[in-house]
Structure formats: C-alpha cells, structure tokens
Amino acid sequence: MNRRTPAADYILMILGSFIMGFAIKNIYDPAGLVTGGVSGLAIILKDQAGIPLWCTNTALNIPLFLASLKLKGWRFLKRTFVATAALSVSLYVIPEMALIPKDDLLLIALFGGLISGVGTGMVFLAQSTTGGTDMLAALIQKTLPHYTLSQIMQVLDALIVLAGAAVFGIRPALYALIAIYGLARVSDGLIEGLKFSKMVLIISEQSGRIADRIMNEMSRGVTGLSARGMYSGKARNMLCCVVSKKEISQLKEIVREVDQGAFVIVSDVREVLGEGFIES
C-alpha cells in the first residue's frame, strides 16, 4: 500500500483540525453541546466567563503539552503540536455562522457528529491528535498505571459532558451523546476503511465445482484451506473468498445450485487490499 509523505500527513491533519474547529465553533458552541475534551471545556468557559474558544483551547493545552514533552519527547509530540495549534487557529479565524437553528438539537447532533467525525478521522489518519484529554490521560496514567489510556479518557470526557449538563441542562447533554456516537462511527469508518466487503467461508463436498464456478463466473479468487470435521473426523477443503457487497447474492446462488447442503459463513470485512479491491 502506498504510504503518504510527511508533507501529505501534515496537510491532512491541518485540514482535519480546521474541519473540527468549524464544527466546534458553528455547530456545537451555539447550541451548548459539550462533547468532551478541551473543546467542551472551552464551550463551557465561553458561556460562563465569555472567554473565546481559541483562547481556552490554547491556554489549557500549553501546560499539558509542556508536561507531556518531558514524558514523551518532541519526536512523539510534534504532530500533536501542529494539530493542536491548527485547531486553535481555526477557532480564531473561522467566522461565526448561523447554520442550524439552535433549538434543532437533533439536526445539530447529527451534522456535528458527521462533520467533527470527518475532521477527527483525518487527524487520526495522519497519526496525530489535537491534544487535550489525550495528553492529560497519558500524564494521569503515569501515576495510575493499572488503568488504560482509553479508560482514563472515557472518565475525563464523561466528567466534561456532566459539567456541560450542569451548565446547559440535561437535554443538550443527551443530544451531545448522539453527536459523540456519530463522531466515533464516522472517524472509525475513515480510519478502518469505507470499502466494506464480505468474506465467505464455504465447507462442501463439492468445493472443487463451487471454486471453479466462482473463479469463472465471478472472476474472484478462491483459497482452499485444509479443514477437518471434529465430529465426523473427515478431512475437507474449506473455501475462503472475499467479494463486494453487491456480489454476495450471486455467490450464495452458485453455492446453492451446486450443493444445497453446503455450510456457508458470511462475515463483514472492513478493508481489503489487493487485486480487485483497493490497490496495494
């Protein structure tokens, strides 16, 4: 698989940070949706003390970054520094826009999760983060090593969401959970790959005929795996084949026509690299 150049990674993370900044400033902040992280604290402080979003994001991340610098070093944090700085700049330069009515919390949560998920996924693809609770969790784990980073981050973000509920009310907090879910799904989709396929395992006495028809009629490769039925003790050939979602019906029809007693397992595949799929 072709690797991106460092320059492409930095462009990706900066663009992703600006997309995140747009979602925070023009979708989450006007509606008081606190989805965790330093950006969530920034929304709370803006409402309570009138402090600009970019100022809070910068002020809170500087001490966290300096403390993390001693822990991990510049080599591991330089990308985080760029992404964090880009997020602060985006919160400063992006103009405020009234895109969605403040009372339409469902639309705000859905579009906020979608847009911020795209931005977050782009930053993660560039092997970076925007700092905040990520760095704080790493510092806390140094004194509490029996907890994982993800566990600490979940607690930190949950506390920030609860603080948002105390300030803006329970209703926006519940919609914030929808936005968090959407953000996670979209960013995971970008990271793991959007080209979903199906993997099929076929156990049949007619494996040779089934494989021939798949290769000839569908132009898909098939791999034969040696298998043994533990109940019968018989050695069999198990076929493994990966096809696109639109081809799965044709494949099942071929198996049904050749051997109605075949045992077929169909599972989802997030990303496939190689001939016929994503170029490797």
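The values are calculated or read from the model by the stated rules, or taken from the named source; none is laboratory data. Source: prediction; values computed, not measured. A quick note on method: Cβ atoms are made from the backbone with ideal geometry, for glycine too, and the neighbour counts reach across all protein chains shown. Accessible surface is based on the protein model in full, side chains and every heavy atom, while ligands, DNA and RNA are left aside. Shrake-Rupley method; radii C 1.70, N 1.55, O 1.52, S 1.80 Å.
Residues S267, S187, S219 ordered from highest to lowest accessible area at a 1.4 Å probe: S219, S267, S187.
A full extension of the chain between S267 and T5 corresponds to an added length of 91.0 nm, given 0.36 nm per residue minus the alpha carbon distance. Here the Kirkwood formula, the inverse mean of 1/r across different C-alpha pairs, assigns region 159-224 a hydrodynamic radius of 16.3 Å.
When the solvent-accessible area of the chain is split by element, carbon and sulfur atoms take up 62 percent of it, the probe being 1.4 Å. Lysine pairs in region 182-259 with Cα distance under 16 Å, only those 8 or more apart or on different chains: how many are there? Lysine pair count for region 182-259: 5.
Each listed q (0.15, 0.18, 0.23 Å⁻¹) maps to a log10 I(q)/I(0) for region 1-131, found by the Debye formula over equal Cα scatterers with no solvent: -0.70, -0.96, -1.38.
For D268, the solvent-accessible surface computed with a 1.4 Å probe is close to 120 Å², ligands and nucleic acids excluded. About its Cα centre, the dipole of the chain is roughly 680 debye, where the only charges are +1 on Lys and Arg Cβ and -1 on Asp and Glu Cβ. Rolling a 1.4 Å probe over the protein chains gives M215 an accessible area of about 80 Å².
The trypsin sites (Lys or Arg not before Pro) of region 66-135 that meet both conditions, a loop assignment by DSSP and at most 11 other Cβ atoms within 10 Å of the site Cβ, are K102.
Residue order by solvent-accessible surface for F124, F263 is F263, F124, largest first, with ligands and nucleic acids left out and a 1.4 Å probe.
Taking the centroid of alpha carbons for each part, region 164-215 and region 1-69 are 26 Å apart. Each eigenvalue of the Cα gyration tensor of region 65-176, multiplied by 5 and square-rooted, gives one semi-axis; in descending order these are 28, 20, 12 Å. Label-to-label distance, C55 versus M230, with points set 7 angstrom from Cα along the beta-carbon direction: 6.6 nm.
In summary, the aspartates and glutamates within cross-link reach of K78, defined as a Cα separation below 20 angstrom excluding same-chain residues under 8 places away, comprise D9, D134. Checking the cross-link filter: which lysines have an alpha carbon closer than 25 Å to that of K102, excluding same-chain neighbours under 8 positions apart? Excluding near neighbours in sequence, the set is K25, K46. Counting only DSSP H runs of at least 4 residues, each contributing -39500 (n - 2.57), and dividing by the residue count of the chain, the helix-based mean residue ellipticity at 222 nm comes to -20000 deg cm²/dmol. Kirkwood radius for the chain, taken over all pairs of different Cα atoms as the inverse mean of 1/r, rounds to 21.8 Å. Seen against the Cα atoms of the chain and their longest principal axis, helix 207-218 is set at about 60 degrees. Solvent-accessible surface of protein heavy atoms, probed at 1.4 angstrom with all chains present, puts Y92, Y231, Y10, Y147 in the order Y231, Y92, Y147, Y10, largest first. Compute the helix-to-body angle for 133-143: its Cα long axis versus the longest principal axis of the chain, expressed 0 to 90° and rounded to tens. Orientation of helix 133-143: about 90 degrees from the principal axis. The mean sequence distance of close C-alpha pairs (under 8 Å, at least 6 residues apart), as a share of the length of the chain, puts its relative contact order at 22 percent.
Each Cα pair under 8 Å and six or more residues apart adds its sequence gap; the mean of these over the residue count of region 41-141 is a relative contact order of 36 percent.
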